[in-house]
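Chemist: Pasting a structure here, questions to come.
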Amino acid sequence: MKPLNIVATSKTPLVFCDGDLGTVELAGMSYSEDTFVFYEPIFNWINEYLQNPNEVTNFNMKIRYFNTSSVKCLFDLLEMFSNLSKSGKKVNINWYYDQEDEEMRDTGENFSNILNCEFQLMQN
């Protein structure tokens, strides 16, 4: 499976998806005006990956800020990995936040509770 790499901009995150490593990482800001257009190739890649996932998958969420239109996309991505975990595969969801950003930590906790899936909350 071909890796997916998208360079970060001031409004969109860096995206690194590598099936051989079983790693998906998003880092930076997410407040594009065309959020669904931006995230479409990521969903496509993950849907393909989920057809034959590794025994262990690492999803690293290093988003420092996201707007309301990004919430739906990010939640849907997290739900895909939560479902993979519930199917018996090992999934590490690593939710990174800045030490002084309690709101981002709380958001990770809330998503974890809603999805009934354990996140590793990690300070940058």
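We did not get these values from a lab; they are worked out from the coordinates using the rules stated. On a predicted model such as this, the values are computed, not experimentally measured, just so you know. Cβ atoms come from the backbone with ideal geometry, glycine included; neighbour counts cover every protein chain shown.
Chemist: Over the chain, what relative contact order in percent results from Cα pairs under 8 Å that are six or more residues apart? Let's see the in-between values first.
Modeler: Numbers: 206 pairs, mean separation 25.1, N = 124.
In percent, rounded to a whole number, it is 20.
Chemist: So for the chain, what percent of the C-alpha to C-alpha distances run longer than 17 Å?
Modeler: Numbers: 4076 of 7626 pairs.
Value for the chain: 53 percent of Cα pairs lie more than 17 Å apart.
Chemist: How much length is gained if the chain between residue 123 and residue 7 is pulled fully straight, taking 0.36 nm per residue apart and subtracting their Cα-Cα distance, in nm to one decimal? Provide the component values of the computation, followed by the final result.
Modeler: Numbers: separation 116, 0.36 × 116 = 41.76 nm, distance 2.31 nm.
Computed gain between residue 123 and residue 7 is 39.4 nm.
Chemist: Longest exposed-loop-site-free stretch of the chain, with GluC sites (Glu not before Pro), DSSP loop and at most 11 other Cβ within 10 Å?
Modeler: Answer - 56-99.
Chemist: Sticking with this one: Treating cross-link reach as a plain straight distance, find the lysines whose alpha-carbon is under 21 Å from the alpha-carbon of residue 72, omitting any fewer than eight places away in the same chain.
Modeler: Partners within reach: 11, 62, 86.
Chemist: Right, here's the next one. May I ask what percent, to the nearest 5, of DSSP beta bridges between residues of the chain are antiparallel? It would help to have the intermediate numbers written out before the result.
Modeler: Working: 8 of 27 bridges.
Antiparallel bridges: around 30 percent, rounded to the nearest 5.
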